[in-house]
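Some notes on the structure that comes next.
Nothing in this text is a laboratory measurement; each read-out follows from the coordinates by a stated rule. Note that the coordinates shown come from a computational prediction; the quantities given were computed from them, not determined experimentally. Here the Cβ is made from the backbone with ideal geometry for all residues, glycine too, and neighbour counts use every protein chain on show.
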Amino acid sequence: MKCLLTWIILSFLAVGLGHDEGHAAGLSSPLDPWNGEYMGENEGAVYVRFFLDGFRKTRSFKEITNSVFMNLRNTKTGRLYMLSQAPTESSADVLQIWKIPAGQYSVEKLSINENTGITRTWTAAGQSAKAVVKYLHLSNMGMVRLSPFGKLGLKVSVLSAPNAYEHTASHQSFVAVVDAYRGRIQKTLGGAQLQKDAKDNFSVSGEARTAFTMSRQISMIYQVNSTGTQGSRQLLSSTLSAQDGELRRCYMDQLDLTLGLRGTVTYNFKIAANNGSFQLLRYNGGTLTSPKAIECLTLALKKLQFPINKALVGQLIFQFNYDDNPG
């Protein structure tokens, strides 16, 4: 029966690591989201859904909504890749698809911040799911369930799942959807014709694609001007730092669509003493000209809860920039 799915990993446990270690800072290459374009040379894509079990609710009685960080290691090259994605709340949630070089990958690390600055982490200790990504294929990495373990650890289970991708674009980018852990085709899409077109560099029907390599450095700097103690401001800053990837991605996603996008975003805020969340968060101008980036940043900030017990009032300023030719 289709509803009888096989557990790939059962009850993997890990001790907690510090925030920098948990996110493998400086070691992992962030994956780029797929937005309907053709795949590059030797490139495939993956999607996964994260589910949270048994996490404590915040003081404002909301479930944790911060992103899950997943580190994948290419078993041939040893290179690490990282994706960050919000937990799934409903089967109707839009899939996030990530571009990644074709190859075999092991799940090396998973981590999540608990809104209070605490980061829980799972790391592979001799046991790890192996996922296959084929050229021009979309690999379904199924469902990953996370629950608290100990003081800073995570318990992780990975479950294969039926295909959830529905093709809606006017052209095909993928040959098929495959089960990442078994390599079985779950749904045929462009099929053999797409593979043939890829060899012809998508010249059929006058379509062409260009492959190029670019190194881009993304800069996000923030400044906090507020009342309250220095300790409270430091706790606020540490929570923002823990969510760096989530906040930075709001800018990165729009940078791909708007040439030369850079600038500042300013908020006036008030953090309530009774629950550590934003009682007030009001956009107060800036030089960044992307409404979508500002909306995304605002929503991401509103999800946060800070480990402080005294009200804070002040101003939060973000500065975004990029360099396509870093030193």
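What FRET efficiency, computed as 1/(1 + (r/R0)^6) with R0 = 30 Å and r the Cβ-Cβ distance, is obtained for Q217 and N268, rounded to the nearest 0.05?
0.50
Distance between the C-alpha centers of region 251-327 and region 73-128? Whole Å please.
First find each Cα centre; the distance between them is then 25 Å.
Taking the Cα centre of region 217-323 as origin and charging only Cβ (+1 Lys, Arg; -1 Asp, Glu), how large is the dipole, in debye to the nearest 20?
The calculation lands at about 380 debye.
Report, as a whole number in µm² per second, the diffusion coefficient that Stokes-Einstein gives for region 255-327 at 4 °C and 1.567 mPa s using the Kirkwood radius over alpha carbon pairs.
Reported coefficient: 95 µm²/s.
Expected output is a single nm value to one decimal: the length gained when fully extending between T168 and K310, i.e. 0.36 nm times separation in residues minus the C-alpha distance. What is it?
Net length gain for the segment: 46.2 nm.
Give me the extension gain from Q127 to K187: residue separation times 0.36 nm, minus the current Cα-Cα distance, reported in nm with one decimal.
18.7 nm
Report the relative contact order of region 68-112, percent, no decimals, based on alpha-carbon pairs under 8 angstrom and at least 6 residues apart.
The value is 58 percent.
So what is the relative contact order of region 236-327, in percent, for Cα pairs below 8 Å that sit 6 or more residues apart?
36
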